[in-house]
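Novice: Handing you a structure now.
The values are calculated or read from the model by the stated rules, or taken from the named source; none is laboratory data. These numbers were taken from a predicted model, which means no experiment stands behind them. Ideal geometry is used to build each Cβ from the backbone, glycine not excepted, and the neighbour counts take in all protein chains shown. Side chains included, ligands, DNA and RNA excluded: accessible areas come from the protein's heavy atoms. Shrake-Rupley method; radii C 1.70, N 1.55, O 1.52, S 1.80 Å.
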2 protein chains.
Amino acid sequence: MEMQSQGYTEDECYRKLRTAIIDGTLMPAQRLVEMDLARWLGASRATVRTVLARLEQEGLVERERYRGARVRHVSHEEAVEILEVRMALECIIARYAAERATDEEIAKMEELLGWMREKFEEGDLVSYSEGNARLHRSIAEMSRHTTARRLLDTLNSQNVRYQYRTILAPGRSHPSFLEHAAIVQAIAGRDADAAEHAMRKHLSHVCDTLRKMRSGP
Amino acid sequence: MEMQSQGYTEDECYRKLRTAIIDGTLMPAQRLVEMDLARWLGASRATVRTVLARLEQEGLVERERYRGARVRHVSHEEAVEILEVRMALECIIARYAAERATDEEIAKMEELLGWMREKFEEGDLVSYSEGNARLHRSIAEMSRHTTARRLLDTLNSQNVRYQYRTILAPGRSHPSFLEHAAIVQAIAGRDADAAEHAMRKHLSHVCDTLRKMRSGP
DNA sequence: TATGACAAAGATGTATACAACATGATTCTG
DNA sequence: CAGAATCATGTTGTATACATCTTTGTCATA
C-alpha cells in the first residue's frame with residue numbers, strides 16, 4: 001500500500017494560514033471551511049481545527065459554535081486601539097534597544113535607514129513602507145524583550161492593511177522619515193529616554209493620522 | 001440505551017483548565033496528558049486538544065510535538081517583563097477610565113477603595129490584595145478599551161503568583177494603598193493626565209519591588 | 001559495572017465515521 | 001399568495017481506531 005503524502009506539521013499550517021490572512025489572500029469575513037483548508041494545506045481536519053483555535057486566540061479569526069470560522073474584521077475603532085497599544089509597547093522596546101543593542105546591530109540599523117532614505121527620495125513609497133516595517137522589527141529584536149516582542153507581533157498582524165494607508169497618507173512621508181531618523185539616532189546614541197521619546201512622538205503622529213481617517217475602510 | 005453525560009463545551013473546558021492553571025491547582029512544568037484532562041473535564045480528547053492549543057497561544061501552556069503539553073513556567077525575568085508591559089497598558093486604561101467613566105462607576109470604585117482601606121487597617125492583607133485586583137479590573141472596565149483589556153487579562157493570568165508576593169512584601173502595603181487612592185482620586189476628578197501619572201508611579205514601584213526580589217521562587 | 005541495542009509501554013498525531021446543528025429550499029396549510 | 005412547518009444539504013463537533021513517535025526498562029556484551 002502506498003503512503004499518502006504525509007501532510008504538513010501543525011506549525012507549518014499555522015504560519016501558512018496566518019500569512020494568508022495577514023497579506024489579504026483571505027479577506028475579512030470570509031468563511032474558513034475546515035475541509036477546504038485541510039485540502040489546501042495538505043493536512044488533516046484535526047490539524048486545521050487546532051490551528052483555527054490558535055488563530056482565534058490571536059485575534060485573527062472568529063469562531064462560532066456549529067457555525068464555523070471566519071477571518072475577523074478589524075473595525076476602524078479597533079485599529080486605533082491597537083495602534084495605541086502598539087505605541088505603548090514600542091516605547092518599551094525602543095528604550096531597551098537603546099540599552100542593549102550591539103554595535104553590529106546599530107550599524108545594520110543605520111544602513112537600513114540609509115536604504116529607506118534612498119527609497120523615499122526616489123519616491124518609491126511601497127519599498128519605503130517595507131523598510132519601515134523592517135526597521136520596527138529590528139528595533140524589537142534589539143530590545144531582547146520577549147514579552148513585548150511577542151505581543152507586538154500579534155498586534156501588527158492585525159492592522160497591517162491600515163498601516164499601509166497611514167504611511168501613504170498625503171504629506172506624511174517626509175515627517176515619517178524624519179521621525180524614524182530621530183529614533184535611530186537616539187538608539188545609536190544609547191540614549192534610552194530619547195529613544196522612548198522619539199518613538200512616542202512618531203507613533204502619536206501616526207495615531208493622529210489614523211484618527212482623522214474616519215471615512216476610510 | 002442511556003445517554004452519556006453529554007460532555008462540556010469547549011469554552012467551558014477552556015475556562016476550567018485556565019483557572020486551574022492560574023490558581024495553582026496545576027503546577028508549572030506539570031504534564032498535561034490529554035486523556036487524563038479529557039476524563040477530568042468530561043470532554044473528548046479532540047476538545048482538550050484545541051483547548052491546549054488556545055492556552056499555548058495565550059502563553060499558559062507549552063506544547064512540544066510528540067511530547068505533549070505542560071504548564072508553562074514563568075521565570076523571574078519574564079515576570080518583570082510582563083509587569084513592564086502591564087504598566088504600559090494600565091497607563092492607557094487609566095487615562096481612558098478618567099475620560100469615560102460614568103458617575104455610577106466612579107461611586108462604586110470609591111466604595112471599593114473604602115472597603116480596601118478597612119481591610120488594610122484591619123491588617124487583612126489577603127482581602128486587601130483581592131480588592132487590589134478588583135480595583136484594577138474595574139478600571140479596565142471603565143476604560144472601554146477592548147484591546148488593552150484583553151491583553152491585560154492574559155498578562156495578569158501569567159503572573160498572579162508573583163503579584164501576591166509583591167503586594168505582601170514587607171513595608172509595601174501602606175505605600176500601595178496610598179498609590180491606589182491617588183489613582184482613584186485622579187479618575188474621579190476626570191483628570192486623564194493625573195490618572196496615567198499616578199498609575200505609572202504605582203506600577204513602577206511594584207516593578208522595582210519585583211526586581212529586587214531576585215531570590216524569590 | 002558501564003554501555004549499547006532493542007523491545008514494551010504510553011502518549012501524541014491523524015484518518016474515518018457518525019451525530020448534532022444551522023441554513024436554505026420545498027411543501028403544506030390557511 | 002403568505003406564512004409556517006418540514007425536509008435536504010452542508011458544516012461542525014465528537015467518538016473511535018490506528019499510526020507514529022518518545023520514553024523507559026530490560027538484557028546482552030565488553
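Novice: Taking a label point 7 Å out from Cα toward Cβ, give me the nm distances from residue A:211 to the same spot in the other copies, shortest first, one decimal.
Specialist: Computed spacing set for this position: 3.1 nm.
Novice: In degrees, nearest 10, range 0 to 90: what is the angle between the Cα axis of helix B:10-22 and the longest Cα principal axis of chain B?
Specialist: Approximately 60 degrees, to the nearest ten.
Novice: Need one number for region B:10-71: average projected area of the convex hull over its C-alpha atoms, nm².
Specialist: That works out to 3.6 nm², a quarter of the Cα hull's surface.
Novice: Evaluate peptide A:79-91: per residue, the Cβ atoms of other protein chains within 10 Å of its Cβ; return the mean as an integer.
Specialist: Neighbouring Cβ atoms belonging to other protein chains average 4 per residue here.
Novice: To continue, here is another question. How far apart are the residue B:107 label points across copies, placing each 7 Å from Cα toward Cβ, in nm, shortest first?
Specialist: Residue B:107 label point versus its equivalents elsewhere: 6.7 nm.
Novice: Limiting things to C-alpha atoms, what are the Rg and the maximum Cα-Cα separation (Dmax) for the protein assembly as shown, in angstroms?
Specialist: 23.4, 77
Novice: Does anyone have the angle between helix B:103-122 and the longest principal axis of chain B? Alpha-carbon axes, 0 to 90°, nearest 10?
Specialist: Between helix and principal axis, roughly 90 degrees.
Novice: If you count, for every residue in A:49-60, the Cβ atoms of partner chains within 10 Å of its Cβ, what is the mean?
Specialist: Counting other chains' Cβ atoms within 10 Å and averaging over A:49-60 gives 5.
Novice: Still on this structure, please answer the following. Let me check the size of chain A from its C-alpha atoms; what are the radius of gyration and Dmax in Å?
Specialist: For chain A, the Cα radius of gyration and maximum Cα-Cα distance read 19.5, 66 Å.
Novice: OK, next. What total accessible area, in Å², is buried where chains A and B meet, using a 1.4 Å probe and rounding to the nearest 100?
Specialist: Heavy-atom accessible area buried at this interface is about 2500 Å².
Novice: Still on this structure: Across region B:60-75, in residue order, what do the Karplus-derived ³J(HN,Hα) couplings come to in whole Hz, using 6.51 cos²θ - 1.76 cosθ + 1.60 with θ = phi - 60° and x for Gly and Pro?
Specialist: Going residue by residue, I get 8, 10, 10, 10, 10, 4, 6, 10, x, 10, 9, 5, 6, 9, 9, 6 Hz, with x marking Gly and Pro.
Novice: Right, here's the next one. Students often forget the sequence filter, so: which lysines lie under 21 Å Cα-Cα from residue B:212 once same-chain residues fewer than 8 apart are removed?
Specialist: B:201
Novice: A follow-up question, please. Measure nothing but the geometry: give the 0 to 90° angle between the long axis through the Cα atoms of B:192-212 and the longest principal axis through the Cα atoms of chain B, rounded to 10°.
Specialist: 60 degrees
Novice: Helix-only estimate, please: 222 nm mean residue ellipticity of chain A, summing -39500 (n - 2.57) across DSSP H runs of length 4 or more and dividing by its residues, to the nearest 500.
Specialist: After summing the helix terms and dividing by the residues of chain A, the value is -24000 deg cm²/dmol.
Novice: Please state the shape class of region B:71-141: rounded when a/c is under 1.5, otherwise prolate if a/b exceeds b/c and oblate if not, all from the C-alpha gyration tensor.
Specialist: It comes out oblate by the Cα gyration axes.
Novice: In addition: In nm, to one decimal, how far is the residue B:15 label point from the residue B:100 one, both placed 7 Å along Cα→Cβ?
Specialist: A separation of 2.3 nm, rounded to one decimal place.
Novice: Per the 1.4 Å probe, what fraction of the accessible area of region B:10-71, in percent, lies on carbon and sulfur atoms?
Specialist: 49 percent
Novice: Give the nm distances, rounded to one decimal, from residue A:67 to the matching residue in every other copy, measuring between label points 7 Å along Cα toward the beta carbon; shortest first.
Specialist: In ascending order, 4.1 nm.
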